[in-house]
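See structure below.
The values are calculated or read from the model by the stated rules, or taken from the named source; none is laboratory data. Since the structure is predicted, the reported quantities are computational estimates derived from the model, not experimental observations. With ideal geometry, Cβ positions are generated from the backbone for all residues, glycine too; neighbour counts draw on all protein chains shown.
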Amino acid sequence: MSEKNLDYYLNLPWTYRFEWSDEDECYIASIVELKGCMSHGDTINEAAEMIQDALKSYITCSLHYGDEIPEPLKPIDFKGKIPYRTTPDKHYRIAKRAKSLGISINTLIDEAVEEKLKETA
């Protein structure tokens, strides 16, 4: 694997969050995976530019001091298998519902998870 240097970290798929702050009257930008890596701007575009500077500073300082840099999740790391345990009663109810819909248990669970994910998007 290549050396984990500034360029390596800058090119990872970070999760950016932008929120309007009534208190500060600006957009607050943060990187979900890096606690405390935040910036702000009068517009979302300005906040997006500023968070890039904050990211670069965060990584540079972390590398300089030897601090651990938590990396974001990468889609390639996931294969689509999730071990799932439940109660026998719930398993029975899931199987019964899936059968009544003419779908597999996996499809029923996948659809239920997708609906829940839409709620949090």
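For this structure, a couple of remarks:
- Only a single item in (1) assigned to a helix (DSSP H, G or I); (2) under 16 Å from the mean Cα position of the chain (by Cα) is not met by residue 30, and it is number (1).
- Filter result for the condition that a residue is under 27 Å from residue 17 (Cβ atoms) and either in contact (Cβ under 8 Å) with a residue 40 or more places away in the chain or not in a loop (DSSP other than H, G, I, E, B) (or both), over 76, 109, 94, 82: 76
- Under the condition of being in a helix (DSSP H, G or I), touching a residue at least 12 places away in the same chain (Cβ under 8 Å) and either touching a Ser or Thr at 6+ places or on another chain (Cβ under 8 Å) or not charged (D, E, K, R) (or both), the residues counted in the stretch 38-54 number 7.
- Unmet criterion (only one of (1) surrounded by 12 or more Cβ atoms within 10 Å (Cβ to Cβ); (2) within 14 Å of the chain's Cα centre (by Cα)) for residue 77: (1)
- Only a single item in (1) surrounded by 10 or more Cβ atoms within 10 Å (Cβ to Cβ); (2) out of contact with any Lys or Arg (no Cβ under 8 Å at 6 or more places or on another chain); (3) not acidic (Asp, Glu) is not met by residue 66, and it is number (1).
- Flag for residue 68 being closer than 16 Å to residue 8 by Cβ and in contact with an Asp or Glu (Cβ under 8 Å, 6 or more places away or on another chain): no
- Verdict on residue 57 being outside any loop (DSSP other than H, G, I, E, B), touching a strand residue (DSSP E or B) at 6+ places or on another chain (Cβ under 7 Å) and modelled with pLDDT of 95 or more: no
- Contacts under 8 angstrom Cβ, first residue in the stretch 8-37 being at positive phi, partner surrounded by 14 or more Cβ atoms within 10 Å (Cβ to Cβ) and modelled with pLDDT of 95 or more, 6 or more apart: 36/58
- Any hit, the stretch 27-34, residues being exposed (fewer than 11 other Cβ atoms within 10 Å of the Cβ) and either of a type outside the set (Phe, Trp, Tyr) or in contact with a Ser or Thr (Cβ under 6 Å, 6 or more places away or on another chain) (or both): no
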